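The values are calculated or read from the model by the stated rules, or taken from the named source; none is laboratory data. Remember, it's a predicted structure, so these values are computed and weren't measured experimentally. Positions of Cβ are backbone-derived with ideal geometry, glycine not excepted, and every protein chain shown enters the neighbour counts.
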Amino acid sequence: MNTGFVSSPQGARTSARRLRADKIARWVVVAGGLGIIASILGILAFLLIEASPLLIDASLSPWKRGTNTSSFGTKPVLAVVVDETKTRAIHLDMDGVARVLKVAEEEVQAEKRIVTDAEGAAIVEARVIGSRAMAIALADGRIVVQSFAWNEDTSRIPTEITVEFAEPVVFTSTSKKAPAAWCAAFDPTTGSSLVVSTDATGAVTADVVKINEFTGEADEPDRVSFDAVAPLTDIALGRDLDTIVGATKDSRLLHWSVERGGAPDITETGVREIAHIGFLLGDQSLIVGGAGGEVVQFFPTRASSEQLRLTKIRSFESMPARIRTFGASHRNKAFVLADEAGNVGYFYGTTGVRSFVATPDVGEIASVGITPKGDGIVVGGSKGVAMAKLDDPHPEASFDALFSKVWYEGYDEPSYEWESSGGAASGFEPKFSLIPLIFGTLKATIFSMILAIPLAVLGAMFVSQFMHPRLRGLIKPAIEIMAAMPSVILGFVAALWLAPLLEVGFAAFLLMLVVLPLSVIAAGALWMKVPARIRGRYAMGSEIFVFVIAIAVGIGICILLDDPFESLLFGGDFPTWVRETLGIPYEQKNSVVIAIAMSFAVVPIIFSISEDAFSNVPRNLVAGSLALGANRWQTVTRVVLPTASPGIFSATMVGFGRAIGETMIVLMATGNTAIMEWNPFNGFRTLSANIATEGPETPVGSTHYRILFLTALLLFVLTFLINTLAEVVRIRLRKRYASL
Amino acid sequence: MLSDNHESEGVEAKSQTERTEPNMPDESLYQAGRGDRKPRQQPRSPSAICVPPDPIVSIRKLSLFYGAKQALFDISMEIPKRKITALIGPSGCGKSTLLRCVNRLNDLIDGVRIDGQIQFEGTSINEPTLDINMLRKRIGMVFQKSNPFPKSIRENIAFGPRIHGINDKATLDEIVEKSLRRAALWDEVKDRLGESALGMSGGQQQRLCIARAIAVEPEVILFDEPCSALDPVATSKIEDLMEELKQDYTLLVVTHNMQQASRVSDYTAFFYLGKLIEYAQTEDLFTRPKMKQTEDYISGRFG
């Protein structure tokens, strides 16, 4: 720019100071603009980075196997269990000896012979029960439950972990024969255990052994017997020591309760031949493994009958061979299955996903389990023990789980649910469907827009086109100041004052919707009846005072008529009428309250931008229309409104964006229940309110935390898209009308 | 827009009056009017104001105030039927304001007060009981800046008939074609009636506005400097058009362009500082002006 003037005389050159100021100004403006773009992109990138781990699939490290014959060994292992830190493992060998191993050092720390008199009593099968017990079935019909405790000695560094074996509880059978199928359960808090076994006919005996609180010794077993229905192939027990599920040879599931006794509930599985069954954490979901490698989930629902009945929920991808054994996670709905070909599959119940199938190469697998913290898989087989590190930080999140219907435990059908935490209840299944939150956001937005758009746009039309200019100069800034009102105040007023008021006076509110427009129209008609000579004395636009009086009178009439109207149409009490006659719930903090409160936040924005749009319609278009003999109404509706429509559209979109992101009002003035109903008399939970309530509570890095970031991203994208759409439309139409 | 003119006029008014009044001609040489004669020293001396035959609009002692400021002073003139009457004068002299009084477009401006009367075919148009929409239907207007609606060409023309209750498509099509032909625009746009009027050239837009005004079949058409934003070719087309429209309509044209006034108009009124200085047949006014101010203005000494 200054090169062209190099040769010009001294006086003709732009002074260096002006050039410098120009340059500095340019840099400041550019830096400011780039800074804004960068910070927006930064927020977007941050949200993406925080939410992206949700997409990571489960992965498994290579298997680690013992090298030393004396420790991890190559000898056959019947059961294996590890502690929380994965530094100790207990495995049980064919001789009934349990060994505590230091995993890293591959040393035996301690060992205990569980089966003391082994003569003629070879071990048939062993099972791991939770992380604190094992059970062994012997050929002579005895079943031994061996519990143990992991003791941490924190006085030593590194913390020394030792295993304390409790006195084994022995159940004897009358038949003195190895059970055809059996299972054991152990309650670590009381020390009680339940052992269920069946003979070849299918008759079931259940023994409950309670630990005497005073002596600390095992009481005599309480025995309950169930009549045979069909020969059983496998049994699964709930941790409540009450639920018994047996799988029959003809592929049915029999569901008994120890307490209730009697005949079982019977469910057809549809699986050709059941090989193995087991409960997931929470003892609701039963995983059925078929002889052909089929994997199917069942849990009790009322889907098909009045009573709770085991119902087929979902099928997983099959395993390559017949299912042999099963291990459930101790913290979520994950489980592992081992088949007879030596493969281990990792599944997740809620999402119905089989993440991977791995082959640990331990020969015939006898025991498989997920480590207590869910960070590893441990396998015991004919060739010893193998462990692998499992990395599955966000198993509950999948695209389907977030956006599709999921059949959750305890529900009668697949549904969209948001329930991120269930308190301390063990076995809680988190429900992360974003659909109810998106629905809530849309419901809040739509309900408030239904009220706000007509009010704001028609108000802007009136103020800009019909109102006396002097009044307009007062009203416009006043409404714009409303936008500055902190939404927490609106939410507070809506929740504590408006919601109870509306509950009492809903009939008056309904009346107002009809009476107020009518009274304005009536006032207008009356005003037109006033002789033109008198009317002419008042400046055009000052008839607003007639309308203000009409509205005040209308409100007064509605309040007076509230009681008679309510008793006439709604039997005296509107909320009761809604509940009983319409059969839908009425909540005090409902969508109508939100619509009214949110209007206070949204109307000023839409009003202000629409008013500008109306006022920016060139006066010569108005004059052109009037000069053709059009009256004011025709001019406004046929010329001004179409010309201002792009501005009004963009005003509406900006209002929409505001309503979507609005947090405090919806947080305070609804019940925040994530329900999906269009019923205007109940609440909803919006994306923004959800972030506000749950954000401070969620553990950093958890699935819930990342899903909250995902919802934030969703909100960001939604508002960004809407505002962009508004801007694009505005710019395009401005270009179109540029020649006006 | 109008109030701006008025502002500048107010500033100008004093100095101009002081400067020009001593130079007023002593003798009134021509007398074409039949109204009361007053001493010609009076600025609104009727001596220079003719009374054309067969008037359709009569302006009687019209004064107009923007709030406290007076913009028009005691104007009296007759607008002849089916003739072109031009209003000339320097900026801010009130000629556009007078034009807008005729179809009461000044009503839009807050604080405008009018004294005196305008009669249109014998009835006063300033009665509060008057149907102003019908008045404006009968007195159409074409503005300084072309103002087609942001609609299609067809819809622009059909707008007027529609608001007056014609909804039949065939009738509307007929009106559209007739009006466009009358405005000499038909051949240029007949193939793109559905396109936006905003895509037309400035001259075409202005002729569209004329066609739009014709579509409601007015009796008088007011032109407010219709060619001020147009190039000479477009201007001459509009002038030809006015010449033709004269056969059916009464035209009242405000113009800055004295050549235009002399080319197209039958009568010309010269305004200065809100006062009607001289009103005569165009040829007379331009060749034999009676007033010194008129002479100064048409000879380019000021304005």
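Of the residues that make up the stretch B:152-167, is at least one of a type outside the set (Val, Ile, Thr) and surrounded by fewer than 16 Cβ atoms within 10 Å (Cβ to Cβ)? Checking the stretch B:152-167: at least one residue is of a type outside the set (Val, Ile, Thr) and surrounded by fewer than 16 Cβ atoms within 10 Å (Cβ to Cβ).
Among the residues of this structure, residue B:184 counts as one that is touching a Lys or Arg at 6+ places or on another chain (Cβ under 9 Å), more than 9 Å from chain A (Cβ to nearest Cβ) and either buried (at least 16 other Cβ atoms within 10 Å of the Cβ) or polar (S, T, N, Q) (or both). Residue B:35 meets all of the listed conditions (1) surrounded by 17 or more Cβ atoms within 10 Å (Cβ to Cβ); (2) among the small types (Gly, Ala, Ser); (3) at pLDDT below 50 but one, namely (1). Does residue A:724 meet the test of being within 17 Å of residue A:598 (Cβ to Cβ) and either surrounded by fewer than 18 Cβ atoms within 10 Å (Cβ to Cβ) or of a type in the set (Val, Ile, Thr) (or both)? For residue A:724, the condition - within 17 Å of residue A:598 (Cβ to Cβ) and either surrounded by fewer than 18 Cβ atoms within 10 Å (Cβ to Cβ) or of a type in the set (Val, Ile, Thr) (or both) - is not met.
Yes or no, residue by residue, for (1) hydrophobic (A, V, I, L, M, F, W, C); (2) modelled with pLDDT of 80 or more; (3) under 18 Å from residue A:178 (Cβ atoms):
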site	(1), (2), (3)
A:203	yes, yes, yes
A:209	yes, yes, no
A:214	yes, no, no
A:221	no, no, no
A:229	yes, yes, no
A:235	yes, yes, yes
A:241	yes, yes, no
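Does residue A:158 satisfy the condition of being at pLDDT 85 or above, surrounded by fewer than 21 Cβ atoms within 10 Å (Cβ to Cβ) and over 26 Å from residue A:279 (Cα atoms)? No. Among the numbered conditions (1) outside any loop (DSSP other than H, G, I, E, B); (2) within 14 Å of chain B (Cβ to nearest Cβ); (3) crowded, with 22+ Cβ neighbours inside 10 Å, the only one that residue A:617 does not meet is (1). The number of residues in the stretch B:86-143 being within 12 Å of another protein chain (Cβ to nearest Cβ), under 25 Å from residue B:162 (Cα atoms) and aliphatic (A, V, I, L, M) comes to 10.
Taking the conditions (1) surrounded by 10 or more Cβ atoms within 10 Å (Cβ to Cβ); (2) at pLDDT below 90; (3) small (Gly, Ala, Ser); (4) assigned to a helix (DSSP H, G or I) in turn, residue A:4 satisfies each one other than (1). Answer yes or no as to whether residue A:413 is in a loop (DSSP other than H, G, I, E, B) and surrounded by 20 or more Cβ atoms within 10 Å (Cβ to Cβ). So residue A:413 fails the test.
Condition first: assigned to a helix (DSSP H, G or I), crowded, with 19+ Cβ neighbours inside 10 Å and of a type outside the set (Val, Ile, Thr). Can you find one or more residues in the stretch A:422-432 that meet it? No, the stretch A:422-432 has no match at all. No other residue among A:667, A:626 is in contact with a Ser or Thr (Cβ under 8 Å, 6 or more places away or on another chain), within 14 Å of chain B (Cβ to nearest Cβ) and surrounded by fewer than 24 Cβ atoms within 10 Å (Cβ to Cβ) apart from A:626.
For residue A:382, are the conditions met, namely being surrounded by fewer than 23 Cβ atoms within 10 Å (Cβ to Cβ), under 29 Å from residue A:99 (Cβ atoms) and of a type in the set (Ser, Thr, Tyr)? Judged against the criteria, residue A:382 is a match. The residue list A:323, A:266, A:313, A:277 contains one member that is out of contact with any Ser or Thr (no Cβ under 9 Å at 6 or more places or on another chain) and either of a type in the set (A, V, I, L, M) or buried (at least 22 other Cβ atoms within 10 Å of the Cβ) (or both), which is A:323. Annotation note: Cβ proximity below 7 Å between a residue of the stretch A:493-505 that is more than 14 Å from residue A:667 (Cβ to Cβ) and a residue that is in a helix (DSSP H, G or I) (sequence gap 6+ or interchain) occurs for A:498/A:593; A:498/A:596; A:498/A:597; A:502/A:509; A:502/A:592; A:502/A:593; A:503/A:575; A:505/A:562.
When residue B:236 is tested against the conditions (1) in a helix (DSSP H, G or I); (2) within 20 Å of the chain's Cα centre (by Cα); (3) within 13 Å of another protein chain (Cβ to nearest Cβ), the lone failure is (3). Listed here are the helices (runs of 4 or more DSSP H) enclosed by the stretch A:645-740 that have at least 1 residues being at pLDDT below 85 and over 24 Å from the mean Cα position of the chain (by Cα): A:703-736. For the stretch A:280-294, state whether one or more residues are of a type in the set (Ser, Thr, Tyr) and crowded, with 21+ Cβ neighbours inside 10 Å. Checked the stretch A:280-294: at least one residue is of a type in the set (Ser, Thr, Tyr) and crowded, with 21+ Cβ neighbours inside 10 Å. Considering A:277, A:211, A:266, the condition of being under 14 Å from residue A:193 (Cβ atoms) and aliphatic (A, V, I, L, M) is satisfied by A:211 alone. Checked against (1) within 14 Å of another protein chain (Cβ to nearest Cβ); (2) in a helix (DSSP H, G or I), residue A:579 meets all criteria but (1).
When A:596, A:605, A:551, A:534 are checked against the criterion of being within 14 Å of chain B (Cβ to nearest Cβ), in a helix (DSSP H, G or I) and aliphatic (A, V, I, L, M), a single residue qualifies: A:534.
Note on the stretch A:167-188: residues that are in contact (Cβ under 8 Å) with a residue 60 or more places away in the chain and within 13 Å of residue A:140 (Cβ to Cβ) total 0.
Screening the stretch B:75-179 for helices (runs of 4 or more DSSP H) wholly inside it with 1 or more residues that are under 24 Å from residue B:52 (Cα atoms) returns the ranges B:95-102, B:132-138. Test residue A:658 against the criterion of being charged (D, E, K, R), farther than 24 Å from residue A:432 by Cβ and either in contact with a strand residue (DSSP E or B) (Cβ under 9 Å, 6 or more places away or on another chain) or within 14 Å of another protein chain (Cβ to nearest Cβ) (or both), and give yes or no. So residue A:658 fails the test.
Are any residues in the stretch A:509-557 among the β-branched types (Val, Ile, Thr) and at pLDDT below 85, and if so, which ones? Hits for the stretch A:509-557 are A:530, A:534, A:544, A:546.
Of all residues in the stretch A:568-605, those being of a type in the set (Phe, Trp, Tyr) and at positive phi number 0. The condition of being under 40 Å from the mean Cα position of the chain (by Cα) and either touching a residue at least 24 places away in the same chain (Cβ under 8 Å) or more than 14 Å from chain B (Cβ to nearest Cβ) (or both) holds for only one of A:584, A:559, that being A:584. Taking the conditions exactly as written (out of contact with any Gly (no Cβ under 8 Å at 6 or more places or on another chain) and modelled with pLDDT under 90), does residue A:360 satisfy them or not? Answer is no for this residue.
Across the stretch B:222-243, the number of residues qualifying as farther than 13 Å from residue B:144 by Cα and in contact (Cβ under 8 Å) with a residue 12 or more places away in the chain comes to 9. Being among the aliphatic types (A, V, I, L, M) and modelled with pLDDT under 85 holds for only one residue in A:560, A:569, and it is A:569.
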